[in-house]
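Pasting a structure here, questions to come.
The values are calculated or read from the model by the stated rules, or taken from the named source; none is laboratory data. Keep in mind the model is a prediction, meaning the values are calculated, not measured. Note: ideal-geometry Cβ built from the backbone for every residue, glycine included; neighbour counts use all protein chains shown. Only protein heavy atoms, including side chains, enter the accessible area calculation; ligands, DNA and RNA are left aside. Shrake-Rupley method; radii C 1.70, N 1.55, O 1.52, S 1.80 Å.
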Amino acid sequence: MEKRIKEIRRVYNLNQTQFAEKIGLKQPTIAGYENGKDVPMSTIVTICQIFPDINKVWLCTGEGDMKLKQSEDDAERIGRLVFGMSETKKQLFRILSAM
């Protein structure tokens, strides 16, 4: 589990403090998880809620791909959609996606 949490942070370009804040914990707790401390089920559930594209099976067992295939397909579609937008529409899209 410790390597997978670190991998999520790497993919999302988050340091331990940023990741901890995002899931409602403190940095030392994340450091503990990354050093082998058991991760409670409530934290796993929170990670899956905050990062819905993370494959829950991968997070818990290491089996399969880190990201769900559907999320990758959605990201490609959104990328193609945004590519053709005017700057005004892109700004609106950014605001909506931040919500």
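Taking the condition of being touching a residue at least 12 places away in the same chain (Cβ under 8 Å), under 20 Å from C60 (Cβ atoms) and not β-branched (V, I, T), how many residues in the range 20-36 meet it?
Residues that pass the stated criteria total 7.
Follow-up question, since we're still on this one. How many residues, within the range 37-57, are of a type in the set (V, I, T) and free of Cβ contacts under 8 Å to residues at least 12 places away in the same chain? Break it down into steps so the answer makes sense when it comes.
To start, the set of residues in the range 37-57 that are of a type in the set (V, I, T) comprises 39, 43-47, 50, 54, 57.
With free of Cβ contacts under 8 Å to residues at least 12 places away in the same chain added as a condition, the list becomes 45, 57.
Number of matching residues: 2.
Do any helices (runs of 4 or more DSSP H) lying entirely in the chain carry at least 2 residues that are touching a strand residue (DSSP E or B) at 6+ places or on another chain (Cβ under 7 Å) and open to solvent by less than 80 Å² (accessible area, probe 1.4 Å), and which ones are they?
The qualifying helices (runs of 4 or more DSSP H) are 41-50.
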